[in-house]
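The values are calculated or read from the model by the stated rules, or taken from the named source; none is laboratory data. The structure presented is a predicted model; accordingly, all values stated were derived computationally and were not measured. Cβ: placed from backbone, ideal geometry, glycine included. Neighbour counts: every protein chain shown.
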Amino acid sequence: MKPLIVLLIVSLMGLSFTEKKGYDVGDTATDFKLKNTNGKMVSLADYPNAKGFIIIFDCNTCPVSKAYNSRIIALSKKYTPQNFPVILINPNSPELAKGESFDAMVKHAKEKKYDFPYLYDETQETVRQFGATNTPHVFVLNKTSNGMMVAYIGAIDDNTRNAAKAKNHFVEDAVNSLLAGKEITVTKTKAVGCSVKIKNI
Amino acid sequence: MNFTILNILSRQSYIVVLGSESIFILMKYLLLFLCFTGFFSASAQEVIRLKELQERMASPRQTLVINFWATWCGPCLKEIPYFETLSAKNKNVKVLLVSMDYDLDPNPEKVKKFVARKKIHSTVLILAEDNPSSWIDKIDKDWTGALPATLLINPNGKRKLIQGELHEGDLEKLVNEINQ
């Protein structure tokens, strides 16, 4: 009996020390309130008609982000009118990553003519909550009666250098499935990308 | 008779002379060839497929220290000198610098020029595979795909994955830890 109790205590201790590494598919995402490049604060609650969201952790300088820039703009053009808006969040600490300051974000958004939010995660609380690890890292959220459910996590598609040669359009497929009321076939993918620069880790 | 012998001897010596000359020319071409193939350059850079990397990872004779990097990744370039120091100082460790540049640029020239310019001595492998989502888990299930990432595998098959930038002294500690 004694060893069993010890084992139970040890395993409970193990559980309490296991750090939660962000959202998994099926989790409910909590809302955030972050500053947009136009100076206004943005929350998911600001979109009462949204059927869901395409949240992308992205930045100014990462070459992979740059490669996907026009594809992100295209996603917004296609899905914002269908009540599936794109929201970009810059998770990098400007102290650790050059060219990622709020001012640099404002400049970047202007240059790229972003007509969707590009938010500054100053405290890095939101990136820790989501568990985004690289840029660009997508979280597709689906509005359900139980809140914003995480429906897809991963890459935009399977070809970084050439959009025309991509065979799998992961995000489009996920959102199309949600809009059609169908199950998403691929819910999690990975991509080679720039690591998110988080302070104190 | 004497004349004939002398004649033969001189002919032979002529052949010998000719022989050493041709060997000299051959050596000269071999040297040129070796220079062109990069034999004397800092490191060999091989373009490989995933299967070859997996074979190297399967049963290492020494502790493998595999660093996943790219020429476009700032933090990766900062930590490369630590891998160079490790591979120069610790002969029981095999360092593999696996470039992920193919994802953005399939031409290996950029990596090769970088390796030559920085005089990198560690083995550099350029992984040429499309669709990273299909193979990142095959390298390590915990790897997110973010760069840099470092994977240590010892001859007993013990593994340790570090995601993010390493600092001075980290590698030596990690090698000691995995072999304890």
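I need the full set of residues from region A:32-52 which are of a type in the set (A, V, I, L, M), part of a helix (DSSP H, G or I) and either loosely packed, with under 12 Cβ neighbours inside 10 Å or free of Cβ contacts under 8 Å to residues at least 24 places away in the same chain (or both), in order please.
Matches in region A:32-52: A:ALA45 only.
Filter region B:122-148 for residues that are assigned to a loop (DSSP other than H, G, I, E, B) and either modelled with pLDDT under 95 or closer than 22 Å to B:LYS51 by Cβ (or both) and give the result.
Those that are assigned to a loop (DSSP other than H, G, I, E, B) and either modelled with pLDDT under 95 or closer than 22 Å to B:LYS51 by Cβ (or both): B:SER122, B:ALA128, B:GLU129, B:ASP130, B:ASN131, B:TRP135, B:ASP140, B:LYS141, B:ASP142, B:TRP143, B:GLY145.
Being away from chain A (no Cβ under 14 Å) and at positive phi is the filter here, so list the residues in region B:82-131 that pass it.
Once the filter is applied, which keeps residues that are away from chain A (no Cβ under 14 Å) and at positive phi, region B:82-131 yields only B:LYS119.
I'd like to check which helices (runs of 4 or more DSSP H) are fully inside region B:47-119 and have at least 3 residues that are under 14 Å from the mean Cα position of the chain (by Cα) and under 25 Å from B:ILE178 (Cα atoms). If you could, list the steps in order and put the result at the bottom.
Details: elements: B:50-58, B:74-89, B:109-117.
Passing ranges, in order: B:50-58, B:74-89.
Of all residues in region B:109-128, which are over 17 Å from B:GLU79 (Cβ atoms) and surrounded by fewer than 18 Cβ atoms within 10 Å (Cβ to Cβ)?
The answer is B:GLU109, B:LYS110, B:LYS113, B:ALA116, B:ARG117, B:ALA128.
For region B:151-180, name all the residues that are without any contact (Cβ under 8 Å) to a residue 12 or more places away in the chain, part of a helix (DSSP H, G or I) and more than 26 Å from A:LYS21 (Cα to Cα).
B:ASN176
Residues are listed down the side, and each one gets a yes or a no for (1) under 21 Å from B:ASP103 (Cβ atoms); (2) surrounded by 23 or more Cβ atoms within 10 Å (Cβ to Cβ); (3) in contact (Cβ under 8 Å) with a residue 40 or more places away in the chain; (4) of a type in the set (A, V, I, L, M, F, W, C):
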residue	(1), (2), (3), (4)
A:ILE156	yes, yes, yes, yes
A:ASN162	yes, no, no, no
A:ALA166	yes, no, no, yes
A:ASN176	no, no, no, no
A:GLY193	yes, yes, yes, no
A:ASN200	no, no, no, no
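Quick check, is A:VAL25 of a type outside the set (Lys, Arg), modelled with pLDDT of 95 or more, in a loop (DSSP other than H, G, I, E, B) and over 15 Å from A:LYS112 (Cβ atoms)?
yes
Criterion first (within 14 Å of chain B (Cβ to nearest Cβ), surrounded by 14 or more Cβ atoms within 10 Å (Cβ to Cβ) and either part of a loop (DSSP other than H, G, I, E, B) or charged (D, E, K, R) (or both)) does A:THR185 satisfy it?
no
Against the definition (within 30 Å of A:THR123 (Cα to Cα) and among the basic types (Lys, Arg)), how does A:LYS199 come out, yes or no?
yes
Can you tell me which residues in region A:124-153 are over 19 Å from A:LYS66 (Cβ atoms) and within 14 Å of chain B (Cβ to nearest Cβ)?
A:VAL127, A:PHE130, A:GLY131, A:PHE139, A:TYR152, A:ILE153
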